[in-house]
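The next block holds one structure in the form of structure tokens; read it before the comments.
What follows is calculated from the coordinates using simple rules that are stated; it is not laboratory data. From a predicted model like this one, the values you see are computed outputs, not experimental measurements. Don't worry about glycine lacking a Cβ; one is built from the backbone with ideal geometry, like all the others, and counts go over all protein chains shown.
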Amino acid sequence: MNTLKQNILKASNTVLRFLFFIVIVRPLVKIVIGLRYHSPINLPKNGKAIVVANHNSHLDTMVLISMMPLRLLSKIQPVAAADYFTKNRWVKWFALKIIGILPIVRNKMDGKSDNPIELCKEALEHGKILIFFPEGSRGEPEKMSELKYGITKLAKECPEVSIYPVYLHGLGKVMPKGDAVLVPFFCDIAFSEPMSFQQYQADFFEVLKASFEQMHDSIKYPDWGYE
Amino acid sequence: MIFDFATMLPVFKVFFALVVFLSLATVTCFFINKRKAVTADGGSMKNELQLRINSWWVMIGVFGLSLLFGPITTIYLFAILSFVALKEYFSMTPTRKADRQVLFWAYLIIPLQYYWVAIGWYGMFIIFIPIYAFLFMPFRMVLAGETKNYLKAASNIHWGLMLTVFTLSHLAFLVVLPLQGAEVELTNGLRVSSEGAALLLYLVVLTQLNDVSQFISGKLFGHTPITPTVSPNKTRGGLIGGLIFTGLLGALLANSLTPMVWWQGMLVGFGISLAGFIGDISMSAIKRDAGIKDTGQLLPGHGGILDRLDSLTFTAPLFFHLMHYYFY
């Protein structure tokens, strides 16, 4: 009986997840916001991959997920801070079941909580597509903060996994940190060639940083303009 | 469809001509590509032309269907175009973070403005953005409290509303213009006059073909740029070619689509040609100021919506007020 109940719950969450992305997220991203592409699209076509993006807004995850085909939806797991997204029951349910985050505990390498890198590695072993924001938090809108080293550690652990760098611009204007009002702006998106740790070894972090700089420079539209 | 088929006939005829014209362009483009593929690299140029023509098909299709389905559909179409245009405008010009909520209000102006159009309330339609939005937006900005760059930001927002909502809503009002005072309920499914659809078609066809003819005659006879610092491609030859072509086309279509006689149509054609030219270079100046080439990517081969509607933002109010003053 119990397993039946669990299965029904699981199935209904899956249905809700699909509905959420088809009915709400996709129209929001494609019609209300609208994307401008600054390079050919380069995103994973199958599991066991990492999408690495800069982080300005909660919408970053939505845009990235809605750009990948629906058949991959069940494999996509945005890596997110457990403390932020498991604050209360409803947020927790929404983050885990609808967005499908992989919760990791920040700044705790005490051995009690699971090592974040291990968690990511395990998910990749299961054929997941991780969305990883190497800057950590969303930070100041539209200002790229220093990339943190975590992504290199993860890449080192899984040297053969393809990593897809993506640069997003403008979503921090649409919905910045701490603001719930959504104001439509066209947003810009640029991609780089996928890379892996195997390919660059010790230079990996530098190459990744360089590709982000190059993507950043390819976008000519203003941030706010008047500060 | 709430139009009478018989009264829609002139509109159908013009659309038929457009489809023939575009089919010819498609076939020509196809053969040019084929030839280029044999000789060597046609490169991006041929793709650009192909993309442009494909986008024209989409635009003609959407516009034609909206006219066919009646005034309310046309009003919805232009409301959506205004939304996209305003979004393009705010996405390429400088704004302030403090004005995020103000910009949100600016978007809310769109449904209101088009509501006035839908109920045919001319008095409100004509002053809503120039007066009420002009008074309200600064009020909301002051509440936000940021004074740095206040005037620049306020001007920019109002310019955007005028350019993308106020002027474009004139296109929608053309559809209901002939019904003014005729006591026709637009929404209750009565068969309504197709005069408005014909007027709108006249303006759009003249403006867009003026762009095309200016471009072509500029390529053929253009030497002296008129505004070298704004848009070096706009030449005296192009302007004159556009004037002649649009004047003739205006005269040719005047009788079947508008209440004008041929010489009035020719004068209006000249006016549309000039206004379209000014709208075009005005948008070029905005883009140059912002340091970008296109306003967006929605219309492959053309750029953004504003790249296509730039001339209409200037021709629409001009044509609308000529019609309103002399005929309706």
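Some observations on this one:
- Choice from B:LEU108, B:LEU179, B:LEU249 with maximal GNM fluctuation in chain B (Cα, 10 Å cutoff): B:LEU108
- Karplus-derived 3J(HN,Hα) values for the stretch B:154-169, using 6.51 cos²θ - 1.76 cosθ + 1.60 with θ = phi - 60°, are 4, 4, 4, 5, 5, 4, x, 5, 4, 5, 9, 10, 4, 5, 5, 5 Hz; glycine and proline are entered as x.
- Along chain B, the exposed loop sites are trypsin sites (Lys or Arg not before Pro) outside DSSP states H, G, I, E and B with at most 11 other Cβ atoms within 10 Å, and the longest stretch free of them is B:1-147.
- Within-15-Å neighbourhood charge of B:GLY242 [Cβ basis; K, R +1; D, E -1]: 0
- Lys pairs under 26 Å by Cα in the stretch A:1-87, provided they are eight or more residues apart or on distinct chains: 11
- Footprinting exposure proxy for B:LEU200, A:LEU59 (fewest neighbouring C-beta atoms within 10 Å first): A:LEU59, B:LEU200
- Burial ordering of B:THR229, A:THR61, B:THR207, B:THR93, fewest other beta-carbon atoms within 10 Å first: B:THR229, B:THR93, A:THR61, B:THR207
- From least to most packed, judged by other beta carbons within 10 angstrom and beginning with the fewest, B:SER23, B:SER55, B:SER66, B:SER82 follow the order B:SER23, B:SER55, B:SER66, B:SER82.
- Leading residue at positive end of dipole, the protein assembly as shown (Cβ point charges), from A:LEU102, B:GLY276, A:LEU35: A:LEU102
- Extended-chain gain in nm, criterion 0.36 nm per residue less alpha-carbon gap, B:TRP159 and B:GLU48: 36.8 nm
- Cβ-defined net charge surrounding A:GLY100, 12 Å radius [Lys, Arg +1; Asp, Glu -1]: +4
- Each residue of the stretch B:79-85 was assigned a 3J(HN,Hα) from its phi angle through the Karplus expression (A = 6.51, B = -1.76, C = 1.60, θ = phi - 60°), giving 5, 5, 4, 4, 4, 5, 5 Hz with x at Gly and Pro.
- Each DSSP beta bridge with both residues in the protein assembly as shown is either parallel or antiparallel, and the antiparallel ones are about 25%.
- Among B:VAL212, B:VAL176, B:VAL84: highest mean-square fluctuation, GNM of chain B, C-alpha pairs under 10 Å: B:VAL212
- Each Lys or Arg adds one and each Asp or Glu takes one away; over the other residues whose Cβ falls under 12 Å from the Cβ of B:GLY303, this sums to 0.
- Amide H contacts under 5 Å for A:ILE131, placed H, 5+ residues apart: A:VAL51, A:GLN77, A:VAL79
- 5 angstrom amide H check on A:ILE101, placed H, neighbours 5+ away: A:LEU96
- Among B:ALA98, B:ALA197, B:ALA316: highest mean-square fluctuation, GNM of chain B, C-alpha pairs under 10 Å: B:ALA98
- Dipole in debye (nearest 20) - chain A, about Cα centre, beta carbon charges: Lys, Arg +1; Asp, Glu -1: 1180 debye
- Close amide H pairs (under 5 Å, H built 1.01 Å from N) link A:GLY225 with B:THR95, residues at least 5 positions away or on another chain.
- About its Cα centre, the dipole of the protein assembly as shown is roughly 960 debye, where the only charges are +1 on Lys and Arg Cβ and -1 on Asp and Glu Cβ.
- Across the stretch B:268-279, rounded Karplus estimates of 3J(HN,Hα) from the backbone phi angles (6.51 cos²θ - 1.76 cosθ + 1.60, θ = phi - 60°) give 4, x, 4, x, 4, 4, 5, 4, x, 4, 5, x Hz, Gly and Pro being marked x.
- Exposed-site-free run, longest, chain B (rule: GluC sites (Glu not before Pro); DSSP loop; at most 11 other C-beta within 10 Å): B:1-182
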